[in-house]
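In what follows, a single structure is set out as structure tokens and then discussed.
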Amino acid sequence: MQLDRRHFIASLGGAAAVKLMSHEARAEALETYMSLQLNTPATPARKFPTAAQIETQIETRHYRRGVGSAFLVTSADSKVKKLEPMPAKPNLHDFFRLRFGQFSNHVFQSANRALKTGMSEEVILACLLHDTVQVLMKTDHGWWGADLYAPYVPERTAFAIRYHQALRFYADTKNGYEYPDLYRSMFGEDYVPGPHIEAAYKYAKDHKWYMDSRMVTVNDLYAFEPGVVVTIEPFADVIGRHFKNPKEGLGNDNSPVAHMWRTIATPDNPL
Ligand SMILES: [Fe+2]
Ligand SMILES: [Fe+2]
């Protein structure tokens, strides 16, 4: 079997990440990679929609794609479920358990990859949190997510969350990030990101924390592995060290973003 060296290195988080791995860890990763490749059937060349075709789909839906997943189910014949009540002083673990729903598994896998490839704790935490705000809002989720977490996490973690959204649109093959086919499907193959995305990319590209944000995208790209279940347990220490949970509970602390946590906790409130 032929090894696609570039893909393999990218799958581990790039050359810098590989350098940090022990000899044994590298050998083990190679073995895992080869067995995964053997089990993956070759996919035929895909045809992606154009941006114009994506736009014509707007009026076929009863919802807008940017709304947070807590507020609707997208299949027409389903209904939303009653949510379990939150504890009086909820912490981050409670939100993961009771509100983050479908995004938990994705971010656990992403953070797990970051942990395995020797990322800093700030980056592991950024990977763990990077998409969870999509329960509240999907449009511009990098900005929404960074705002939601900024009062509670290290500044560079919030930076990494904010800019991962823009960086997802720009390849950085040297560091192991290719433009994802997922985006060709979601936005259209000829999609051009808006000016605020381009401006954010240009700003982040020259920033001293660029690699923090870039590593969120690198660990994000290969994180959708069906069947790989990860829990919050491996990250409890990182959360304990770097997430300042307010003693009153998230949403009760009068921070500038407390209302965002309350909205996630009580999405059924009509006003
Ligand atoms: Fe994201
Ligand atoms: Fe993601």
(request) For segment 84-100, indicate whether the set of residues that are within 13 Å of ligand 2 (Cβ to nearest atom), in the same structural domain as residue 247 (by TED's automatic domain parsing) and on the phi < 0 side of the Ramachandran plot is non-empty. (result) yes
(request) Among the helices (runs of 4 or more DSSP H) lying completely within segment 146-217, list those that include at least 3 residues that are within 16 Å of ligand 2 (Cβ to nearest atom) and modelled with pLDDT of 95 or more. (result) 155-167
(request) Please go through segment 84-102 and pick out each residue that is buried (at least 19 other Cβ atoms within 10 Å of the Cβ) and either free of Cβ contacts under 8 Å to residues at least 24 places away in the same chain or within 13 Å of the chain's Cα centre (by Cα) (or both). (result) 100
(request) Being within 16 Å of ligand 1 (Cβ to nearest atom) and assigned by TED's automatic domain parsing to the domain that holds residue 92 narrows it down to one of 204, 199, 258, so name that one. (result) 204
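If we scan segment 131-138, do we find a residue that is over 17 Å from the mean Cα position of the chain (by Cα) and either part of a loop (DSSP other than H, G, I, E, B) or surrounded by fewer than 18 Cβ atoms within 10 Å (Cβ to Cβ) (or both)?
No, segment 131-138 contains no residue that is over 17 Å from the mean Cα position of the chain (by Cα) and either part of a loop (DSSP other than H, G, I, E, B) or surrounded by fewer than 18 Cβ atoms within 10 Å (Cβ to Cβ) (or both).
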(request) Just give me the residues in segment 52-95 being outside any loop (DSSP other than H, G, I, E, B) and under 16 Å from residue 267 (Cβ atoms), in sequence order. (result) 67, 69, 70, 71, 94, 95
(request) Return the total of residues in segment 112-148 being on the phi > 0 side of the Ramachandran plot and more than 16 Å from ligand 1 (Cβ to nearest atom). (result) 1
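The values are calculated or read from the model by the stated rules, or taken from the named source; none is laboratory data. All values reported here derive from a predicted model rather than from experimental measurement. Reconstructed Cβ throughout: ideal geometry from the backbone, glycine too, with neighbour counts over all protein chains shown.
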